[in-house]
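Scroll down for the structure; my scribbles are underneath it.
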Amino acid sequence: MASSAPLQQNPQLQRRLQQDSIELAGKTIYLNPFLYWRRFDANTDRWLREPGQLNEDQISTNRVRFYPEVVWDSLSDEERAIKDGSVEMFLKSLELISTFNPELTAGQLLELERKMAVTKKKAFEHWVGKSLRRRSQEEKAEKRRFSRQRWVREWREWLADPTTGRALLPLTGLILTAGFLGWHLGSQQFCRELILQPGVQRSR
């Protein structure tokens, strides 16, 4: 009774636990795949977290299974990508649950799947949306970094080219000559302003 008191006092936590688990044959089965993370290795964790780990045919054939109400042709590219990622999360989650709970029967897995379709759909879509946005930002940052590196590399190669050196030599000479002439003329003008004209004495 003492352990259930905090749950009764926190209805939000209780509701989340109810959404993330199901009682089957006297055993609590977690629907949230991330609740199994202590039993993951690094490869499984990456496989679960990164969208695009399952092939497109496997996802497209299971669209109606998890989204029977959706008209897929009417979705935008972004909406379709999020829902496809959600389908992938459903498939991955069911595979993990069946792996960690091999005693579940086909009927129990079907019951579990139905509850997941009701309680986890929005959560999976939210997770996939965040993952896709993060991936897009990382890809843009990588493209910018690659563009900068290519620009620097091209400039270095251009400057290291002997033909470039021969072409730049006269230009460098002109720049130095122009700079020297500008400095010389400027210094003369400065010195001229410092020379005071002698005063003219008036006769009385």
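Can you pull out the GluC sites (Glu not before Pro) in the stretch 49-87 whose DSSP state is coil and whose Cβ has at most 16 other Cβ atoms within 10 Å?
E69
Full extension of the chain between R80 and D161 yields a length gain of 24.2 nm, computed as 0.36 nm times the residue separation minus the alpha carbon distance. For the stretch 18-132, the relative contact order works out to 36 percent when only alpha carbon pairs closer than 8 Å and six or more residues apart are counted. Here the simple spin-label model places points 7 Å from the Cα toward Cβ, and for K115 and E154 these points are separated by 5.9 nm.
Name the shape class, rounded, prolate or oblate, that the alpha-carbon gyration tensor gives for the stretch 76-140, where a ≥ b ≥ c are the square roots of its eigenvalues, rounded holds for a/c under 1.5, and otherwise prolate holds if a/b is larger than b/c and oblate otherwise. It comes out prolate by the Cα gyration axes.
In terms of other Cβ atoms within 10 Å, E50, E103 run from fewest to most in the order E103, E50. FRET efficiency for the T99 to D57 pair, using the beta carbon distance and R₀ = 30 Å, is estimated at 0.85. Here are some pairs, K83/K140; K120/K140; K92/K143; which of them have Cα atoms lying more than 27 Å apart in this structure? Flagged as over cut-off: K120/K140; K92/K143. Label-to-label distance, F40 versus R65, with points set 7 angstrom from Cα along the beta-carbon direction: 2.1 nm. Taking the stretch 5-134 on its own, what percent of its Cα-Cα pair distances exceed 25 Å? Summing the P(r) tail past 25 Å for the stretch 5-134 gives 28 percent. Determine which aspartates and glutamates satisfy two conditions relative to K115: a Cα distance under 18 Å, and not lying fewer than 8 residues away in the same chain. Qualifying aspartates and glutamates at Cα under 18 Å: D20, E23, E69, E88, E95, E125. Distance from the alpha carbon centroid of the stretch 124-143 to that of the stretch 31-75 works out to 16 angstrom.
A short reminder: the numbers here are calculations on the coordinates, not readings from a lab. Since we're looking at a predicted model, the values are computed, not measured. Neighbour counts run over all protein chains shown; Cβ positions are idealised from the backbone, glycine included.
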